[in-house]
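The numbers here are math on the coordinates, done by the rules we state, and not lab data. Computed from a predicted structure; not experimentally measured.
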Amino acid sequence: MAQPLRIEDPERVSFITTRTAQSRLWFINNLKFEQEVLAYLGKYASKYGVLLYAAVFQGNHFHITAKFPEKNRAAFMRDMNA
């Protein structure tokens with residue numbers, strides 16, 4: 001089944017969930033990796049002008065709550081997931 005279209009609205013807050021490759025448990029007892037991911041999250045939030053409200057890491061996935069006032073969620077997520 002195809003993914004529904006994602007409409008980028010600069011006024012709405014987005015809730016994003018991203019899983020790790022093959023749902024591996026990357027975020028369990030791996031503080032160094034979690035800190036590196038947080039550093040990239042901050043770097044890309046600054047680069048794309050994203051307003052971050054929350055970020056949560058849970059075992060094999062993470063959640064981000066953010067607003068994208070410049071309508072660049074796709075570019076932000078492309079870099080974040082790379």
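For region 58-68, take each phi angle, set θ = phi - 60°, evaluate the Karplus expression 6.51 cos²θ - 1.76 cosθ + 1.60, and give the result in whole Hz per residue in order, putting x for glycine and proline.
9, x, 10, 7, 9, 10, 10, 10, 7, 10, 10
Please compute the length gained on full extension between residue 63 and residue 79, using 0.36 nm multiplied by the number of residues separating them and subtracting their Cα-Cα distance.
4.2 nm
Hey, what's the Cα Rg ratio for the chain versus the globular rule of thumb, 2.2 N^0.38 Å?
1.11
I'd like the Karplus ³J(HN,Hα) series for region 37-47: coefficients 6.51, -1.76, 1.60, θ = phi - 60°, whole numbers in Hz, and an x wherever there's a Gly or Pro.
5, 4, 5, 5, 4, x, 4, 6, 4, 5, 4
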